[in-house]
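Asker: Attaching a single structure in structure tokens format; questions to follow.
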Amino acid sequence: MEIITHSTAIVTAAGSGQRMGGEIKKQFRILDGIPILIRTLSTFFSSPLISNIIITAPEEELEYCESLILQFFEPTPKPFLVIAGGLERQDSVFGALQQCPQDTDLVFVHDAVRPFISLDLIQELHEIARREKAVVPAARLKNTIKQITGMYLSQTLVRDRLVQVFTPQVFQYKLLRDSYIKAYNDGYISTDDAALVEHYGAKVRYHLTSDLNIKITDEWDLTLAHLIIEKNILI
């Protein structure tokens with residue numbers, strides 16, 4: 001008999017978007033007629049593996065964020081909650097972890113400005129996380145990576161042993177929650193959830209996937225996102 005797991009998706013949309021600039025925060029920018037946040041949420045709302053969704057948003061835009069979701073997903077196919085994000089991403093995720101239902105088995109932590117995730121990717125990560133407790137999507141590097149000291153190159157890193165990682169990062173809920181509690185008690189700060197659980201001794205699997213799971217942080221990323229949609233490139 002198949003074991004039923006309950007998965008919560010935490011979508012971090014509380015960023016200020018300072019690198020992109022403009023009056024509209026990047027998570028609310030329009031991408032081919034649809035806000036980036038809505039494009040991202042659509043896959044989680046569509047996935048039968050996701051039980052509920054928690055969105056962290058800027059405190060001053062909680063009502064706007066919720067109304068935007070209701071505008072595009074009415075009626076909503078599954079429960080969702082919009083909460084105020086913290087000062088840093090780590091604060092936002094920790095706040096969302098405390099709002100997860102008690103029966104949560106797995107938690108998907110995803111950047112709101114990565115709109116090109118697929119149902120297949122969610123399923124692949126879900127299957128691995130059930131076995132391994134922690135997994136992140138990743139891609140091989142195409143360019144040579146150099147370490148620098150001051151104004152000079154100091155070392156060439158071995159590319160075959162390096163990957164770039166994306167989201168959603170998926171964890172056994174208790175593993176991630178307990179790691180966050182330890183981090184706050186210890187004053188440990190990390191901008192990456194996998195790095196945080198690694199810090200406390202957990203092994204994290206990587207799963208090779210498309211490098212077009214881009215994070216939209218500047219105008220070039222937005223241009224690339226438009227091209228991905230225009231050319232109907234499969235991620």
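The values are calculated or read from the model by the stated rules, or taken from the named source; none is laboratory data. These numbers come from a predicted model, not from an experiment. No Cβ is skipped: glycine too gets one built from the backbone with ideal geometry, and neighbour counts run over all protein chains shown.
Asker: Kindly indicate whether Pro101 is closer than 24 Å to Glu124 by Cβ, touching a residue at least 60 places away in the same chain (Cβ under 8 Å), surrounded by fewer than 19 Cβ atoms within 10 Å (Cβ to Cβ) and out of contact with any Cys (no Cβ under 9 Å at 6 or more places or on another chain).
Answerer: yes
Asker: Sticking with this one: Could you grab the pairs with beta carbons closer than 8 Å, sequence gap of 6+ or different chains, first residue in the range 61-89 and in contact (Cβ under 8 Å) with a residue 12 or more places away in the chain and more than 23 Å from Leu49 (Cα to Cα), second one of a type in the set (Val, Ile, Thr) and surrounded by fewer than 14 Cβ atoms within 10 Å (Cβ to Cβ)?
Answerer: From the range 61-89, the pairs are Glu88/Ile189; Glu88/Thr191; Arg89/Thr191.
Asker: May I pose another question? Quick one: in the range 79-98, which of the residues that are charged (D, E, K, R) and at pLDDT below 95 is nearest to Leu125 (Cα to Cα)? Write out each step before concluding.
Answerer: Of all residues in the range 79-98, those charged (D, E, K, R) come to 88-89, 91.
Right, trim to at pLDDT below 95 and you get 88-89.
Details: Glu88: 26, Arg89: 22 Å.
The residue in question is Arg89.
Asker: Of all residues being in a strand (DSSP E or B) and not aliphatic (A, V, I, L, M) in the range 146-162, which is farthest from Tyr206 (Cα to Cα)? Just the residue, please.
Answerer: Among those residues, the one meeting the criterion is Tyr152.
Asker: Please find, within the range 1-24, the residue that is surrounded by the most Cβ atoms within 10 Å (Cβ to Cβ) out of those that are closer than 30 Å to Tyr173 by Cβ and at pLDDT below 90.
Answerer: The qualifying residue surrounded by the most Cβ atoms within 10 Å (Cβ to Cβ) is Gly15.
Asker: Looking at Phe94, Phe108, Phe116, can you tell me which residue is buried (at least 16 other Cβ atoms within 10 Å of the Cβ), of a type in the set (Phe, Trp, Tyr) and part of a helix (DSSP H, G or I)? I'd like the intermediate steps shown before the answer.
Answerer: Values: Phe108 fails: part of a helix (DSSP H, G or I); Phe116 fails: part of a helix (DSSP H, G or I).
The unique qualifying residue is Phe94.
Asker: Asp160 versus (1) of a type in the set (D, E, K, R); (2) free of Cβ contacts under 8 Å to residues at least 40 places away in the same chain; (3) in contact with a Ser or Thr (Cβ under 7 Å, 6 or more places away or on another chain): which is the lone unmet condition?
Answerer: Of (1) of a type in the set (D, E, K, R); (2) free of Cβ contacts under 8 Å to residues at least 40 places away in the same chain; (3) in contact with a Ser or Thr (Cβ under 7 Å, 6 or more places away or on another chain), only one is false for Asp160: (3).
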